[in-house]
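Note sheet for the following structure.
What follows is calculated from the coordinates using simple rules that are stated; it is not laboratory data. No experiment lies behind these values; they were computed from the predicted model shown. Note that each Cβ is placed from the backbone with ideal geometry, even for glycine, and that neighbours are counted across all protein chains shown.
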């Protein structure tokens, strides 16, 4: 786990059997940091690759990251200041579907103050396969049309 992530233990999985890359409670494992394209690096791509999926296990919100970078306290990635968070860009599916920015800190603290099942933290899909943004959009369009019928 990174220094920024809270330690969350699952009582049914012994520590020695956990694979950080597949443990969805670890939002940004080292393997994902290494393969995450830097912010603004896919701007020229008409159909960028989505490399990570984060989701609310008891809600309808999903965040798909196409790129991300460590940022300082002011949210800038290109300074010499200490990096204290990570900023992602990608598709956010909630009340609407839109491209936008979201931070690791936002994902980690989104459920603070909630109780019961609603308080389950945001997770990363450890089995997500990098997919083109157009395919993710089609998936959500297909899901919406099924809900309407």
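Can you give the relative contact order of segment 13-127 as a percent, counting alpha carbon pairs under 8 Å and 6+ residues apart?
27
Between residue 31 and residue 137, what length comes free when the chain is fully extended (0.36 nm per residue of separation minus the Cα-Cα distance, one decimal in nm)?
Full extension of this stretch gives 35.6 nm more.
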Inset, instruction - Distance from a point 7 Å along Cα→Cβ of residue 99 to each backbone N in segment 40-58: keep the residues under 19 Å and list them by number. - result: 40-54
Inset, instruction - Go ahead and run the numbers for FRET between residue 128 and residue 61, Cβ-Cβ distance against an R0 of 22 Å, rounding to 0.05. - result: 0.90
Inset, instruction - Let me know the shape class of segment 34-149, please: from the alpha-carbon gyration tensor, a ≥ b ≥ c as square roots of the eigenvalues, rounded when a/c is under 1.5, otherwise prolate if a/b is greater than b/c, or oblate. - result: oblate
